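The next block holds one structure in the form of structure tokens; read it before the comments.
The values are calculated or read from the model by the stated rules, or taken from the named source; none is laboratory data. Just so it is clear, the structure is predicted and the values come from calculations on it, not from any experiment. Cβ atoms come from the backbone with ideal geometry, glycine included; neighbour counts cover every protein chain shown.
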Amino acid sequence: MPDEELSLLRRIATADRKAFETLYHLYYRRLFAYLFKLTRRGELVEEVLNDVMFAVWTSAARFDGRSRPSTWIFGIAYHKAMKALSRQAAGGGRANAGDDEGREPEEPATGEGPESLLARREVASTLGRALGELSPEHRAVVELTYYSELSYGEIAEIVGCPVNTVKTRMFHARRRLKELLPAFGIGSHTG
Amino acid sequence: MGMETIAARAERQHRRIFELIPWYVNGTLAAAERRSVEEHAAGCPRCQAELADAREMAAAIQGAGEAAPSPHPAQLARLLARIDDHEAERAAGAGTNRLAATASADAGNGNRNGNGVTLARPLRGFAGFGALLDSTPRRMRQLLAAELAAVLALASIVAWQLRAPALPATPPAVYRTLSSDAPVAAAPGTAPIRVLFAEGATAARIQQILAGIRGQITTGPSPIGAYVVAVPAGPGADPVDLVLAHLRKQPEVSFAERVAGAGGTDR
């Protein structure tokens, strides 16, 4: 119901807390899954999700209605997620940096263990590991296409790049995934 | 020469179509593009294979991620508290004091979330908070608002706990020593976590924190003040990681972690 979401955003722009809570509940699970998929760091998700919703509160008045509310919110989430990842990388990458040798991809080396059911199930899978090997930018395009089922135009809006860049990223991501997933079945059709 | 140009053009066309395949598969292409993919793929084995691959990938990714948790009330409470801070600062910047209004509005929020008789009473006490804030210097006010936010966060957790099913009446777990990482058996429907409280934490506050997570001490405190606490786990319970994240944000909690190798029904 984009219309409902639009009116919620309009009300949030007037500091309507009830509308904000409604939108929060409407988006929580979607954002949680999305942020996990973008970052693959369970321990980041909660914090980034709150950052995203906080930004929705503070900038709802600037939403111009040219894109769908979900595109706008997912765009905020994309940028917050990328920022969190680069912050983490710059900060010595809490625990992952520098221990490529003997690293267990199934277990994010944060000392906390995988964060959620989602994390646990997916990180453990072959596909999850392969996706984890992609750069965040490439992974985002793959997830936004296949998980969120968005058009390349919407993805371009969300990640803030030209449409051709989206297609190119996807092209390279698919090639990389085929290298990583020979046993998965993916890539078995093409030579 | 002419042949090459035709081949190059065909290859460019192929690449153009090939790049569209993911969005053909996810059903978001415009009609004209959709048709051009179908027409080209009909005579292009590479694109046919890619279509099969892309469908497989789409199905795998779709199937991989259906289970995100529901929002933890503490998380929303924390976000609302942050919004309060933000609004209060803005108001202060604009020369008006809206903090008191915000604070009592929040108490209202807590009530609404609460949904429960038990909660309504304690929260009523917050009505006076606004007046108190009004007559307090700004710096102090922020501290008080933070305190209020923390209490509200806790209150909403408690409220949420009231709705959750009660812990199974099974006797608590068998345990080994606190310091060892030896497996700690957990009662059905619970997961053991290890919690270390800060030195200054009062017994009342510890109890309050444990009530907030429906935790039951199975052993402790150790010489350094660590407890093993059984928290609800499994279907209907909150993900243990969110409980841990919540605990870690309490100033009285020095650390909170899973008990390694625990064989509980943790999800």
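Against the numbered list (1) free of Cβ contacts under 8 Å to residues at least 12 places away in the same chain; (2) over 20 Å from B:A187 (Cβ atoms), B:I224 comes up short only at (1).
Yes or no, residue by residue, for (1) more than 10 Å from the chain's Cα centre (by Cα); (2) within 15 Å of A:E5 (Cα to Cα); (3) assigned to a helix (DSSP H, G or I):
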{"site": "A:L23", "(1), (2), (3)": "yes, yes, yes"}
{"site": "A:Y28", "(1), (2), (3)": "yes, yes, yes"}
{"site": "A:L31", "(1), (2), (3)": "no, yes, yes"}
{"site": "A:Y34", "(1), (2), (3)": "no, no, yes"}
{"site": "A:K37", "(1), (2), (3)": "no, no, yes"}
{"site": "A:D51", "(1), (2), (3)": "yes, no, yes"}
{"site": "A:A61", "(1), (2), (3)": "yes, yes, yes"}
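Number of residues in the stretch A:13-59 that are crowded, with 17+ Cβ neighbours inside 10 Å, facing another protein chain (nearest Cβ under 9 Å) and of a type in the set (D, E, K, R) equals 5. Just to be sure I understand, how many residues within the stretch A:155-166 are within 12 Å of chain B (Cβ to nearest Cβ) and surrounded by 21 or more Cβ atoms within 10 Å (Cβ to Cβ)? Going through the stretch A:155-166 one residue at a time, the tally reaches 2. Contact map, the stretch B:227-245: first residue within 12 Å of B:T190 (Cβ to Cβ), second residue part of a strand (DSSP E or B) and hydroxyl-bearing (S, T, Y), Cβ cut-off under 7 Å, separation 6 or more or different chains; pairs are B:V228/B:T218; B:V228/B:T219; B:V229/B:T218; B:A230/B:T190; B:A230/B:T218; B:V231/B:T190; B:P232/B:T190; B:A233/B:T190. The set of residues from the stretch A:63-88 being more than 14 Å from chain B (Cβ to nearest Cβ) and not in a helix (DSSP H, G or I) comprises A:F63, A:D64, A:G65, A:R66, A:S67. Among the residues in the stretch A:7-17, are any assigned to a helix (DSSP H, G or I), under 18 Å from the mean Cα position of the chain (by Cα) and in contact (Cβ under 8 Å) with a residue 60 or more places away in the chain? No, the stretch A:7-17 contains no residue that is assigned to a helix (DSSP H, G or I), under 18 Å from the mean Cα position of the chain (by Cα) and in contact (Cβ under 8 Å) with a residue 60 or more places away in the chain.
Selection of helices (runs of 4 or more DSSP H) fully inside the stretch B:6-118 by the criterion of at least 3 residues being modelled with pLDDT of 95 or more and either under 22 Å from the mean Cα position of the chain (by Cα) or more than 12 Å from chain A (Cβ to nearest Cβ) (or both) returns B:31-42. Can you confirm whether A:P114 is facing chain B (nearest Cβ under 10 Å), over 24 Å from B:R46 (Cβ atoms) and at pLDDT below 90? In short, yes. When we screen A:R103, A:R129, A:R121 for residues that are in a helix (DSSP H, G or I), more than 10 Å from chain B (Cβ to nearest Cβ) and at pLDDT below 90, the only hit is A:R129.
Check the stretch A:173-188 and report whether any residue there is at the interface with another protein chain (Cβ under 7 Å from one of its Cβ atoms), modelled with pLDDT under 90 and at negative phi. Yes, the stretch A:173-188 contains a residue that is at the interface with another protein chain (Cβ under 7 Å from one of its Cβ atoms), modelled with pLDDT under 90 and at negative phi.
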